[in-house]
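The values are calculated or read from the model by the stated rules, or taken from the named source; none is laboratory data. Fair warning: this is a prediction, and the values are worked out from it, not measured in the lab. Counting neighbours? That spans all protein chains shown, and the Cβs are built from the backbone with ideal geometry, glycine included. The accessibility values were calculated without ligands, DNA or RNA, using every heavy atom of the protein model including side chains. Shrake-Rupley method; radii C 1.70, N 1.55, O 1.52, S 1.80 Å.
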Amino acid sequence: MQQTKRHRPISWVPTSYLAEGIPFAMVIWVAGTLFKDLGHSDGEITMATASVGIAWSLKPFWAAFLDMYRTKKFFVIAMQGLMTLILAGIALALPLANYFQITIAALWALAFASATQDICIDGVYITALDKADQAKYVGVQGMCWNVGRIFATAVIVGVAGTLQESHHLAPRTAWMWALLLSAATMGLLAAYHFFMLPRGQVAKRPKDAAEVVATFTDTVKEFFKKDKIWGMLTFVLLFRCGEGLLLVEAPLFLQAPIARGGVGLSLAEKGIIDGTVATVASIVGGLLGGMFVSRFGLKKTLFVLALCLNVPHFAFVYLSQSVSTAATLPFTTVAALVSIEKFGYGFGFVGNMLYMMQQIAPGKYKMTHYAFATSIMNLTLVPTQMLSGPLADALGYQSYFLLVMFASIPSLLAAWFAPFPNNPDAEESEESPVSEASGAPGATEVPA
């Protein structure tokens, strides 16, 4: 497909997926760090923030309607502008007495805007690039999405920490300036994409909403007609059981005071681990996991991938048992153990994404059915993340992370008994689907 100079992929693919990664990380990780720093309990944080992630699971229910009005570029710019205003609004609400309730409501709006942006960016990517360029830039997607995550979890959190520690600002004031930086960044991306983002291919407009509903209904019927669909969905639902209990709670444990059983990291230290060291380990793990599967095949490696995803959770068992008020754990020890866990996550999670691509997605509505699968996958995370905080508050960190290890057993069983109705070694004639959010584009990332 011919690209104009202005619309060469390198001029917009990296910034587009950077723009996907930032708001996702702000909702899933940075919000929890902010609330923890402002004195909220783990139970308050996870119950309020974890449910917001369901917005990315509901994307298929409004994705089809985005083709009925204007262009995908229009919605990308509109959502990025809206997210700029929402982030600025959260920042300005922090001095208020009821900032917690206002922020949670704003996070819901931010999540839906982010999910809509993701749909349309992926739509531009698929329709503006030919198959050769799609394959060429798929690695750039994952890398730049993770750069967005690093910006949010390292730079934004680091700025808040530095303003408190070096400039002695009050926590709410420090976070206000940090959030305004995130808002300014999204605003700059929106302005850049106004000029540089291609429109993509404009879809044929349906005659009316009834035609859209009829098509959507057919995609649902075809999805549940698939051979061994219930066994495959069981795998999707169970594969992330243990991980779901770890995703939000583990970073809160790292931030919790030593006197309460936490590791007691400062915001700056947490930003270094969450935003750089652990993220790099996750990316490397994903790359090596992909190479491992390509060498030996998914069917032969799926259980090994499940072990790699779940066994490293023991790193948090060790940390929780080793914390003591008598002697703090060395930063290098904490960073190494968290990185081991994230490396295992990146390596093992490849199996989840490839299983959905190769076993669930193939058929008449490949792209839509892949979106269905990723949405169902994310539904597992909502209840586990919501319960993680109250359980940690009730049990204490030492007992809680032992519970996480037991909760990982269903993941191993799901991998062992996962059905393979489609030949995993057969060549796909259709183009590979682009990863929907939950993660991230490609097989390297999803909320970690």
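Summary of values
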quantity	calculated
Which listed residue is in contact with a Gly (Cβ under 6 Å, 6 or more places away or on another chain), among the β-branched types (Val, Ile, Thr), over 22 Å from LEU387 (Cα atoms) and part of a helix (DSSP H, G or I), from THR46, THR84	THR84
Qualifying residue in segment 52-71 (condition: at pLDDT below 85, within 28 Å of LYS270 (Cβ to Cβ) and either open to solvent by 10 Å² or more (accessible area, probe 1.4 Å) or not in a helix (DSSP H, G or I) (or both))	yes
Contacts under 8 angstrom Cβ, first residue in segment 9-25 being touching a residue at least 24 places away in the same chain (Cβ under 8 Å), partner basic (Lys, Arg) and buried (at least 24 other Cβ atoms within 10 Å of the Cβ), 6 or more apart	GLY21/ARG149; ILE22/ARG149; PHE24/ARG149; ALA25/ARG149
Filter result for PRO390 (open to solvent by 20 Å² or more (accessible area, probe 1.4 Å), in a helix (DSSP H, G or I), in contact (Cβ under 8 Å) with a residue 24 or more places away in the chain and touching an Asp or Glu at 6+ places or on another chain (Cβ under 6 Å))	no
Condition met for LEU329 (assigned to a helix (DSSP H, G or I), modelled with pLDDT under 95 and touching a helix residue (DSSP H, G or I) at 6+ places or on another chain (Cβ under 8 Å))	no
Residue tally, condition open to solvent by less than 50 Å² (accessible area, probe 1.4 Å), in a helix (DSSP H, G or I) and under 22 Å from ALA259 (Cβ atoms), over segment 393-414	3
Subset of segment 368-387 [among the aromatic types (Phe, Trp, Tyr) and open to solvent by 10 Å² or more (accessible area, probe 1.4 Å)]	PHE372
Filter pass, GLY297 being open to solvent by 10 Å² or more (accessible area, probe 1.4 Å) and within 13 Å of GLY351 (Cα to Cα)	yes
Hits in segment 279-291 - residues which are touching a Lys or Arg at 6+ places or on another chain (Cβ under 7 Å) and surrounded by fewer than 18 Cβ atoms within 10 Å (Cβ to Cβ)	none
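Conditions tested, residue by residue: (1) open to solvent by 10 Å² or more (accessible area, probe 1.4 Å); (2) more than 16 Å from MET186 (Cβ to Cβ); (3) among the aromatic types (Phe, Trp, Tyr).
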{"site": "PHE74", "(1), (2), (3)": "yes, yes, yes"}
{"site": "GLY81", "(1), (2), (3)": "yes, no, no"}
{"site": "GLY89", "(1), (2), (3)": "yes, no, no"}
{"site": "GLN101", "(1), (2), (3)": "yes, yes, no"}
{"site": "ALA105", "(1), (2), (3)": "yes, yes, no"}
{"site": "ALA115", "(1), (2), (3)": "no, no, no"}
{"site": "CYS120", "(1), (2), (3)": "no, no, no"}
{"site": "THR127", "(1), (2), (3)": "yes, yes, no"}
{"site": "ASP130", "(1), (2), (3)": "yes, yes, no"}
